[in-house]
Amino acid sequence: PVRKRVMIPCPEGHLLEAIQHEGGNRQSVWRNVAVIVSHPMPLLGGSMSNNVVIALCHAFAALGAFTIRYNFRGVGRSSGSGSWLGGDKESLDAKAVVNYALQSKERDIASVLLVGYSYGSVVSSSIADEFPEVVGFAAISVPFGPMWVMGLSGLASKLLKSPKPKLFVIGDQDNFTGVENFKKKVESSATPKSSKIIPGVDHFWFGHEEAVVTAVLDW
């Protein structure tokens, strides 16, 4: 897929570093779909250069989707400073990227799929109900275990209560969320929903990127 580095403006005045991935098949059913992928927690080294984020972007771009990964404020070349705990500022960043995609002059975007990994799954899914164009979201390795430590309980309630189609994916060896806790949280979430537990995989997916890509694409 072709990559293009862009700086996305935010209403607060800062710029977000982002990379657009575009596949060659613009005649596919994905041609008017934007897929926006959000990265793990910056305090723990998360950025758009993450292995899971990149693998997902390449896969969706190959299908013909207009795919964007980006750095939250204060990460990489993105200006500003993040909230880190709580995710309020980062949710504003996610909204800015959605608006950027919807206003794109390169594609006539009709719908948006949000994909988030770890911290990014909570942040991105929390804004899903604010955009009628968002058709659903995939939440990968949601950190249900340490959620309260990260101050994400408020955003997580939006994730669980959203009436939009949602996919939860986790490895059964996840370092932060046990399988039983994961099942309870998924069960408590609003429908429609799907979930997938991948055997033999921890929170970081190193060497198992294809498994998470397959889980999301199969959905």
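The values are calculated or read from the model by the stated rules, or taken from the named source; none is laboratory data. Not measured: the values here are computed from a predicted model. Cβ placement follows ideal geometry from the backbone for every residue including glycine, while neighbour counts extend to all protein chains displayed. With ligands, DNA and RNA removed, areas are computed over all heavy atoms of the protein, side chains included. Shrake-Rupley method; radii C 1.70, N 1.55, O 1.52, S 1.80 Å.
In plain terms, if you count all Cα to Cα distances in segment 162-219 and split them into 5 Å steps from zero, the share in each step is 4, 19, 29, 23, 18, 6, 1 percent. This model, with +1 at the C-beta of Lys and Arg and -1 at the C-beta of Asp and Glu, gives the chain a dipole about its Cα centre of some 340 debye. DSSP bridge analysis restricted to the chain gives an antiparallel fraction near 35%, rounded to the nearest 5. Nonpolar atom fraction for the chain, defined as the carbon and sulfur part of the 1.4 Å probe accessible area, stands at 54 percent. Phi angles of segment 50-58 translate, via the Karplus equation with coefficients 6.51, -1.76, 1.60 and θ = phi - 60°, into HN-Hα couplings of 5, 4, 5, 4, 5, 4, 5, 4, 4 Hz per residue; Gly and Pro are given as x. Here the spin labels are modelled as points 7 Å beyond Cα on the Cα-Cβ line, and at Ser111 and Thr191 they lie 2.0 nm apart.
Descending by average beta-carbon neighbour count within 10 Å, the peptides 28-41, 203-216, 125-138 line up as 28-41, 125-138, 203-216, the highest first. Of the whole protein surface, His58 contributes about 80 Å² of accessible area at a 1.4 Å probe radius. Net length available on complete extension from Asn181 to Leu44 is 47.1 nm, with 0.36 nm assigned per residue and the Cα-Cα distance removed.
Here's the picture: charge each Lys and Arg Cβ at +1 and each Asp and Glu Cβ at -1 in the chain, and of Phe144, Gly207, Leu85 the one pushed furthest to the positive end of that dipole is Leu85.
Placing a pseudo-label 7 Å from each Cα along the Cα-to-Cβ vector at Thr214 and Leu15 gives an inter-label distance of 4.1 nm. Averaging the Cα positions of each part gives two centres, and for segment 2-44 and segment 46-61 these lie 10 Å apart. Computed on the chain, with alpha-carbon pairs under 8 angstrom and 6+ residues apart, the relative contact order is 17 percent.
From the largest down, segment 70-127 spans 35, 22, 15 angstrom on the principal axes of its Cα atoms. Rolling a 1.4 Å probe over the protein heavy atoms leaves Ser195 with an accessible area of roughly 70 Å².
For the peptides 158-167, 101-110, residues were scored by their other Cβ atoms within 10 Å and the scores averaged per peptide; the highest-first order is 158-167, 101-110.
Can you flag which of Lys161/Lys183; Lys4/Lys166; Lys89/Lys196; Lys158/Lys184; Lys95/Lys166; Lys105/Lys193 are past 27 Å Cα-Cα? Write out the running numbers ahead of the final one.
On the way: Lys161/Lys183 16 Å; Lys4/Lys166 29 Å; Lys89/Lys196 29 Å; Lys158/Lys184 16 Å; Lys95/Lys166 18 Å; Lys105/Lys193 33 Å.
In this structure, Lys4/Lys166; Lys89/Lys196; Lys105/Lys193 exceed 27 Å between Cα atoms.
Look at (1) 0.92; (2) 1.36; (3) 1.18: the one that is Cα Rg over 2.2 N^0.38 Å derived from this structure is (1).
Rolling a 1.4 angstrom probe over the protein heavy atoms, how many square angstrom per residue are accessible across segment 1-127?
Details: 4760 Å² over 127 residues.
Per residue, segment 1-127 has an accessible area of 37 Å².
Across segment 111-183, Cα-Cα pairs more than 16 Å apart make up 43 percent of the total.
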